[in-house]
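Novice: Dropping a structure here in structure tokens format, bear with me for questions.
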Amino acid sequence: MAILGAINDLSSDKRQSIAQDLGLPGQFVVSSAGRDPEGVWREATAISNPNQRVQTQMGVAVSWAQSDPMAALWAAQESRNEQMRLFVQMQILQSMLAGDGMAQLVWVESQPEGQCRDQLMSALVRRLAEQDPERAQSLIARLPETHRDQVELSLWNQRAAEDPEGATAWVSARNDGGMREVHQMMAMLSTAPPEIAERLFQALLTTARAQVETTYVQLLARTDPDRAAKRVDQITEPDRRLAAAQSLVSGWSEQDPQAARRWIEQQPGDSTPMLWQILAMSWGRTDPAATRNVADSMDAGCNRDLFVLGMIASTASDAEEATALIDRIGDAKLREQALKTQDQLKTAMEGMYVIDSGVR
């Protein structure tokens with residue numbers, strides 16, 4: 001610091017020359033920013049190294065963000081660097097957040113339209129959510145659609161953790177079953193704690209609930225499979241029930257494949273072949289011996305054939321094992337299809353080996 005103090009007492013040209021010789025242009029310029037802002041900016045702009053120039057300009061602008069926001073903005077705009085402009089504006093916004101929210105909003109909306117303003121508004125909404133969730137929610141409508149979903153989801157997750165009832169009421173009051181809403185609800189379900197996810201699911205309109213049902217069942221199967229199974233049992237429409245059952249088995253087989261197997265055995269015969277295949281695909285990766293025992297215990301027919309197909313999918317990288325499993329498929333057409341798929345996979349794997357080996 002003593003060296004920097006001595007440098008600051010010299011003329012501008014000598015200060016700049018000595019600082020550059022010492023490799024300290026950024027530190028030097030920032031340390032003297034309070035003496036002559038415009039002169040300091042000219043010195044920063046004169047640095048020949050482009051990366052060092054931008055870093056130094058940014059340091060000057062940030063040093064002004066607390067004491068003189070207008071000077072900081074002027075510096076950011078003078079740099080003609082979009083990233084720097086956004087960074088400086090974020091610094092100014094951070095320094096303003098402890099003050100009046102309306103002043104912050106007025107300042108953000110006074111900025112030129114574009115990506116910087118959109119990101120500033122997103123940051124403002126997220127920070128305001130900590131102080132005034134209702135007000136933050138009202139500002140979301142001012143965001144462009146490209147930012148709105150992400151900020152809205154972030155806001156909802158924050159509310160759900162602090163005020164589950166309020167968060168659920170908000171969903172109930174606004175969801176309309178549109179695709180944008182449904183995508184949002186699926187994301188919310190995947191991040192919410194189980195008890196909040198249940199409230200959220202119940203708050204959805206019937207049309208939206210049907211669209212997120214399979215996602216919800218799969219998530220529920222990982223935490224409370226019995227409840228997920230009861231939900232599937234309550235679905236009467238065949239296609240919806242089958243889709244939900246597949247999601248249930250997919251999630252359940254990761255946690256307790258034996259329980260998933262017992263549930264499948266209780267289902268109507270015409271809906272089970274695909275369920276057996278899904279179970280084997282997941283179970284075969286973690287316990288291939290157990291899946292072989294299950295296959296041995298099953299009666300010949302469609303269910304066993306599809307279960308074996310699932311086992312083959314789980315051991316696709318082991319060509320010898322896959323070939324042995326294919327021989328256990330009873331249906332000739334299904335066996336032929338499995339052989340063709342295995343040949344295609346083998347060809348693809350050989351091609352990858354040739355590329356990796358550098359063979360031409």
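Novice: Can you run down the residue pairs with Cβ atoms below 6 Å, 6 or more apart or on separate chains, where the first is in segment 258-281 and of a type in the set (Val, Ile, Thr) and the partner is crowded, with 18+ Cβ neighbours inside 10 Å and outside any helix (DSSP H, G or I)?
Specialist: none
Novice: If only one of Pro288, Pro273 is touching a Cys at 6+ places or on another chain (Cβ under 7 Å) and in the same structural domain as Arg304 (by TED's automatic domain parsing), which one is it?
Specialist: Working: Pro288 fails: touching a Cys at 6+ places or on another chain (Cβ under 7 Å).
The match here is Pro273.
Novice: Among the residues in segment 335-343, are any closer than 25 Å to Arg261 by Cα, touching a helix residue (DSSP H, G or I) at 6+ places or on another chain (Cβ under 7 Å) and at pLDDT below 80?
Specialist: Going residue by residue through segment 335-343, those that are closer than 25 Å to Arg261 by Cα are 335, 338.
With the extra rule that they be touching a helix residue (DSSP H, G or I) at 6+ places or on another chain (Cβ under 7 Å), the set shrinks to 335, 338.
Okay, now just the ones that are also at pLDDT below 80, so 338.
Yes, segment 335-343 contains at least one residue that is closer than 25 Å to Arg261 by Cα, touching a helix residue (DSSP H, G or I) at 6+ places or on another chain (Cβ under 7 Å) and at pLDDT below 80.
Novice: Something else: State whether one or more residues within segment 301-320 are closer than 30 Å to Gln234 by Cα, loosely packed, with under 14 Cβ neighbours inside 10 Å, modelled with pLDDT of 80 or more and not assigned by TED's automatic domain parsing to the domain that holds Asp239.
Specialist: Yes; the residues of segment 301-320 include at least one that is closer than 30 Å to Gln234 by Cα, loosely packed, with under 14 Cβ neighbours inside 10 Å, modelled with pLDDT of 80 or more and not assigned by TED's automatic domain parsing to the domain that holds Asp239.
Novice: Output the residues belonging to segment 228-266 that are more than 17 Å from Thr214 (Cα to Cα) and surrounded by fewer than 18 Cβ atoms within 10 Å (Cβ to Cβ).
Specialist: Selection gives Gln255, Asp256, Gln258, Ala259, Arg262, Glu265, Gln266.
Novice: Quick one: is Ala295 in the same structural domain as Leu339 (by TED's automatic domain parsing) and more than 20 Å from Pro273 (Cβ to Cβ)? Working first, answer last.
Specialist: Working: in the same structural domain as Leu339 (by TED's automatic domain parsing): yes; more than 20 Å from Pro273 (Cβ to Cβ): no.
No.
Novice: For segment 237-257, name all the residues that are of a type in the set (Asp, Glu) and either over 16 Å from Trp283 (Cα atoms) or without any contact (Cβ under 8 Å) to a residue 24 or more places away in the chain (or both).
Specialist: Of all residues in segment 237-257, those of a type in the set (Asp, Glu) come to 237, 239, 254, 256.
Glu237, Asp239 - these are the residues of segment 237-257 that are of a type in the set (Asp, Glu) and either over 16 Å from Trp283 (Cα atoms) or without any contact (Cβ under 8 Å) to a residue 24 or more places away in the chain (or both).
The values are calculated or read from the model by the stated rules, or taken from the named source; none is laboratory data. Predicted, not measured: the structure shown is a model, and the values here were computed from it. Methodologically, a virtual Cβ is constructed for each residue, glycine included, from the backbone with ideal geometry; neighbour enumeration extends over all protein chains shown.
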